[in-house]
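Quick notes on the structure that follows.
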Amino acid sequence: MKKGFVFIITVFIISLNSIAQSAGIFPGEPFNGMQVNYTITGATVSKFTDVPGFTWTRSLVITDIQKGGVLGISGSLQAGGLGCTVIVSVSAGGQPSSHQYEVVPGTPKSFKEQVQIPKDAKSASISINMNGHYSMGGGSRGVVVRGDWDGKWGNVTKPPEPDKYKPAPSEVAVLKNILKIYGESIPNGIVSNGPLNNKNWWLNKKKYDDYVCGGYQGKVLTVLDALKFSNNPAEKKLLEGYDYGPVKVWYGVTPGGHRAVVIYPKGSDWRKTGIILDPWPEQKAKSYTMDEWRKLFPHDVKPDNDYKGQYPISGGTGYSNNPNRIKLPTEVAIWFQSLSKERQEAYKQIKDESEYKRRINMDYADRNKDGRVMANCPLSLYITDETGRISGFPDGIPRSEIRDVTMTTFRLADGTFWTELSYPSNRNFRIMLKGTGNGPAEVYTGFNMQDDPENSTVYKYSFQVNNGQEYALGQQTENSAIQIINPSKNKKAVINGVRISGGQEDGEGMIDPGQEVKIFDNGNIYGVTNGPSSPTRFILNKATFISRIEDYHYFNNGRLPGTIALVNAKGQQFGPWYATGTNGQGGVQNAYWVVRPNMTLPAGTYTVIDSDPATWSTNGQSANKGFTTVWATGLYIP
């Protein structure tokens, strides 16, 4: 009897383990409001692996399926932000079934998807793909649960497949040397991030031109070209096993505006093996895997068409970019000679000859795109022409139907997007904007942006945005007013812009865009506890560009970073911004919650709102206030 009793208990425990892996709640805590509660039937799931990130992913290991039965997945979905779009799919033996769900915040939605499993099925798959909608549109955050069965390995753990793209240890060492040279050769920018540099470029091209993405792309190519064609055999040998070339973000019929460089093992698929060298986002030399880079620029990437035939990646049979042989095409040389002496001299200030010729070529290609518009959340931004074609990001979704419009969008640290469009200003285009949330917004428009700096004009529009409200801006004349479409009775129908130039905004003072400056810090070196009982407040005596806010969560009990917001004395809320975590003393993970608002706040008193005050560090020396540090750039100097 005892043996039989023990046998029954053992089988029961194994059964519970199998069931436990076939059902779950993911993530354990909602990620930006998103979470899925699921149950899988008709398949055995032996284990799973969870990977956090901008998209949280649970990869299921399916060890068997019930042939002749039903493969299904069911449960409930919940969303945050502006909601999410979810696609639930199952497939067995080539028989697929899927359904799309729209989930609104605060209202969980049930789902169920199933398919008959053929008796001779040799494959099966299950997936739940949640794309969250926040400020600048869908896809900024996501949750994925997925699993596959290939019919070959039954209940035996599938052995890992060798990575045919993984370089040998010696090649890894070589790549490290190349990246080291790259890091030592690329200069840091003047400001802390790419969008801020581009904003300042509008007002002072000469000072910031080196640090736009095209400028950095040229510098990176110059570094690699110098190794490729070096007279030093040791340097030249570094690139024997690698190819490289320029790439560009792509949106449908037209290339995007963002440029970088990819390096990859010879003979491999650069889309899978490439390392992106892109200093622009953080204004310093940095490398990304393809997956990491796509999180910043979640769209297609292709070889940069402005370098056609010069690199293997862009259709060349080799490298025709020997620094000693680069020449300007005849039509480009004629255009260059037509420029003013001041502008020609500005190009010649670039010390490396090959780099300045590249810059001339790029500017020639964009010579007719003299109009620009730039906006940050909470606005989506796009352009429409007289025939109704659209280029830009209506409702956050990229559309590229007008060939003469260049599109650029970049994911900021808080998960929202900064967007910039360039276009010919003489085409009677109409700029359209739509509120994706409530809060303050700044829109910039520029004219004659490809001309001499003194001929360029920039206008700034500042206003409060309402979620769903639409706005229109014609480009027939400079400084046209933004029209509010179907305004409420208590609102004015137009928003007027203010001309800014030469580093001046609204006549308030000159901008010093230098490095970050700490303007508030109430932390100290003494021991801390959790749960502040007094509010954390700081004062801005004048309009200030807030670049970073950091809250301290030393005893966080393993909680992941949440959000930080600010509320002024009038009750206006700015944010919340989603935080990233950095380690603290003793290696405590996510001890510091960091957000990057990257926005100008008006003068006033601000209260810091932390989404998890229960783990926010405090002590008596801080007057029982939560530890916070605030940094600013672009400070106004009277």
- Item | Principal axis dimensions, largest first and in whole angstrom, of the range 562-636 by Cα | 38, 26, 21
- Note to self: with every protein chain in place and a 1.4 Å probe, the range 542-619 gives an accessible area per residue in Å² of 41 Å²
- Query: Can you pull the Rg over Rh of the range 244-320, Cα-only, Kirkwood?
  - Reply: 0.94
- Under-5 Å amide H pairs with His258, H placed in peptide plane, nonlocal only: Val249
- Return the sequence-ordered ³J(HN,Hα) values of the range 188-205 in whole Hz as given by the Karplus equation 6.51 cos²θ - 1.76 cosθ + 1.60 applied to θ = phi - 60°, using x for Gly and Pro. 5, x, 8, 10, 8, 7, x, x, 5, 4, 5, 4, 6, 4, 4, 9, 8, 4
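Give me the 1.4 Å probe accessible area per residue for the range 38-134, excluding ligands and nucleic acids, in Å².
On a per-residue basis, 46 Å².
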- May I ask for the distance between the Cα centers of the range 588-618 and the range 267-325, given as a whole number of Å? 36 Å
- Query: Roughly how many percent of the accessible protein surface of the range 45-128 is carbon and sulfur, given a 1.4 Å probe and a whole-percent answer?
  - Reply: 50 percent
- Task: Note down the nm distance, to one decimal, between modelled labels 7 Å out along Cα→Cβ at Thr529 and at Lys47.
- Result: 4.2 nm
- Cα-centre dipole for the range 255-396 with unit charges at Cβ (Lys and Arg positive, Asp and Glu negative), debye to 20: 460 debye
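Kindly flag which residue pairs out of Lys295/Lys518; Lys236/Lys308; Lys47/Lys109; Lys434/Lys460; Lys205/Lys308 have an alpha-carbon separation exceeding 20 Å in this structure.
In this structure, Lys295/Lys518; Lys236/Lys308; Lys47/Lys109; Lys205/Lys308 lie more than 20 Å apart at Cα.
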- Item | Per-peptide average of other Cβ atoms within 10 Å, ordering 277-284, 239-246, 340-347, 563-570 highest first | 277-284, 239-246, 563-570, 340-347
- Given the pairs Lys286/Lys625; Lys206/Lys284; Lys176/Lys369; Lys286/Lys542; Lys348/Lys369, which span a C-alpha to C-alpha distance of over 30 angstrom in this model? Lys286/Lys625; Lys176/Lys369; Lys286/Lys542
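The values are calculated or read from the model by the stated rules, or taken from the named source; none is laboratory data. Predicted model only: the values in this text are computed from it and were never measured. A quick note on method: Cβ atoms are made from the backbone with ideal geometry, for glycine too, and the neighbour counts reach across all protein chains shown. We work out accessible area using only protein heavy atoms, side chains counted, and drop any ligands, DNA or RNA first. Shrake-Rupley method; radii C 1.70, N 1.55, O 1.52, S 1.80 Å.
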